[in-house]
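The values are calculated or read from the model by the stated rules, or taken from the named source; none is laboratory data. This structure is a prediction, so every number in the text was calculated from the model and none was measured. Don't worry about glycine lacking a Cβ; one is built from the backbone with ideal geometry, like all the others, and counts go over all protein chains shown. Ligands, DNA and RNA are excluded from the accessible area calculation, which covers all protein heavy atoms including side chains. Shrake-Rupley method; radii C 1.70, N 1.55, O 1.52, S 1.80 Å.
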Amino acid sequence: MSRGIAINTAVLALCLAVPVYAHFAGEPFLLTLATRAVILALAAVGLNIALGHGGLISLGHAAFFGIGGYAMGILASHAQTFTPIADWPLLIEGTKSMPVIWLVAMVTSGLAALVIGALSLRTSGVYFIMITLAFGQMLYYFAISWPAYGGEDGLSIYVRNGFPGLNTLVPMQFFALTATVLAAAMALAHVLGRSAFGLALNAARQAPARVEAVGVRPFRLRLTAFVISGMITGLAGALFADLNRFVSPTMFSWQLSGEIMVIVILGGVGRLFGPLAGAALLVTLEHVLGGVSDYWQVYLGALLLGVVLFARGGIIGTLAGRDVAHG
Amino acid sequence: MAEPVLQVQGITRAFGALVASDNVSLDLREGEIHALIGPNGAGKSTLIALISGALAPDAGQIRFNGRDVTALDTVARARLGLGRSFQISAVVPEFTVLQNVVLAAQGAAGHSYRLFRPALKDRSATSSARAQIARVGLEARAAIPAADLAHGERRRLELAMALALKPKAFLLDEPMAGLGADGTAQMTTLLETLKAEAPILLVEHDMDAVFRLADRISVLDYGRIIATGSVEEIRQDPEVRRAYLGADA
């Protein structure tokens, strides 16, 4: 395991070195990129709980990412125009407070995951992939055709939302905030993975008949994991919207679901530091190769093919070797 | 006499025109090993699936521990104390021996929804798991992933998992399958000590083991039970000899 810890430390050090360099070199754009990587990593931490531990190949996690994004967009847009979201039966006002927005984002995406999960987890394999994809697309088209919140054009939020005690407009402070949220989510994923629940969930992925034989329902384990997973990805969506100060239906797009999945696979399915490594690599490639060619995704595709064919454990799995507990 | 632990009454299950279980009745009493034998295709697997809850019967009733469990599924029956092993080992391949048995122990204890406490630090689950691992003689292999175990060891791991459930009855589907002579001898000794804990319904092809272990034997042929009795009665039964055992038994 010590090799695994060394690799994880190296990944962490590398990811922290970039913002520190950006800060002292005076390159705020690099800091924005690092923040983007951290937020995508958070979305992938969410997916990794469902995919890595539960074996649930969800191609619809953009649904939760988008719900988180729109939770932020709706609350903040009402706050900036001073119009209530609803005045009957209860007066609900918008807000620019991140903790409130995060809570709303997590509760709504969790509820959505409960409904989507309860319906789609009755299937498995390719049908599960298709149903989750279909739910994601449903929300995508709904967002496009919902004129109240910008429809296809999306919603701009002029000033980044606030967090008590911080000035979130300072790039370094916003980066530190997102990094702290990511660290908390990773700690949660770590604890969950080692818990009795994590053990049963991992067992249900590998040998569902065995789990039934010890008196536990794989469906309920998977649904619980799917809801936790959706909540974390939803929180990432709210942060992503705040980073861009913009929400649009593309947050619901299946390309985004694919991107989150690519991050998990590149980094290492089921590995604690996989999402971070994968997101850092993806954002770097996007930046570096994007400057070289407009068709940079071709190279990404080749890399992904290489990982899937020759390095099943992704970056972390290849460097750190097999881990028994899927920690 | 007390009610049998497990009672199968007139159970029938057809797949299209094929009646895989035809009005089968049998029971399992406290303290016994009841062996279920029969040629390939006789309906043993179907019967096991019906008893474990993986299949629903077309007709008939299954009572377990004084309760009608016919309408319950596998999970609910496992929770009531029906511990089973599988014909093809169904252990969790990436888990170590210890993790596999802890999974069973926490399942039995109803702790599988504890989200925060580390599973392998839960004393009550691990100490009971280690005790079962010791009983099947796998102490030295506790930290080995199940995928790396030899076949015979994996069969014993299955048994340790069934034991960790602290079941009220065991349903063992060919525990000797694929074991060598040594392995079979070990397993036989192990099963002999097991029946004191809970009665065993044993599906097995190895006749030497069956004749040595069983208190009663039921013979299944074409989905029907053609005989039930003690080892001696079954050995002497002309219909059983014709259908299954052959003249030399």
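Here are the numbers:
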| quantity | calculated |
| --- | --- |
| Residue satisfying all of: in region B:111-135; without any contact (Cβ under 8 Å) to a residue 24 or more places away in the chain and touching an Asp or Glu at 6+ places or on another chain (Cβ under 8 Å); surrounded by the most Cβ atoms within 10 Å (Cβ to Cβ) among these | B:His111 |
| Among residues of region A:180-196, those that are touching a helix residue (DSSP H, G or I) at 6+ places or on another chain (Cβ under 7 Å) and facing another protein chain (nearest Cβ under 7 Å), counted | 4 |
| Residue that is nearest to A:Leu119 (Cα to Cα) [pool: residues in region A:158-185 that are among the β-branched types (Val, Ile, Thr) and under 21 Å from the mean Cα position of the chain (by Cα)] | A:Val181 |
| Candidate set: region B:136-180, residues that are basic (Lys, Arg) and assigned to a loop (DSSP other than H, G, I, E, B); chosen: the one most open to solvent (accessible area, probe 1.4 Å) | B:Lys166 |
| Within region A:245-303, tally of residues that are assigned to a helix (DSSP H, G or I) and farther than 26 Å from A:Pro19 by Cα | 10 |
| Selection from region A:208-243 of residues that are among the small types (Gly, Ala, Ser), free of Cβ contacts under 8 Å to residues at least 40 places away in the same chain and open to solvent by less than 10 Å² (accessible area, probe 1.4 Å) | A:Ala213, A:Gly215 |
| Conditions (1) facing another protein chain (nearest Cβ under 7 Å); (2) surrounded by fewer than 18 Cβ atoms within 10 Å (Cβ to Cβ): number failed by B:Glu94 | (2) |
| Identity of the residue in region B:181-224, within 10 Å of B:Ile33 (Cα to Cα), within 14 Å of the chain's Cα centre (by Cα) and in a loop (DSSP other than H, G, I, E, B), that ends up modelled with the lowest pLDDT | B:Lys195 |
| Test: residue in region A:261-276 that is farther than 26 Å from A:Ile157 by Cα and either among the charged types (D, E, K, R) or open to solvent by 60 Å² or more (accessible area, probe 1.4 Å) (or both) | yes |
| Test result for B:Val69, over 23 Å from A:Gly198 (Cβ atoms) and either surrounded by fewer than 21 Cβ atoms within 10 Å (Cβ to Cβ) or away from chain A (no Cβ under 13 Å) (or both) | yes |
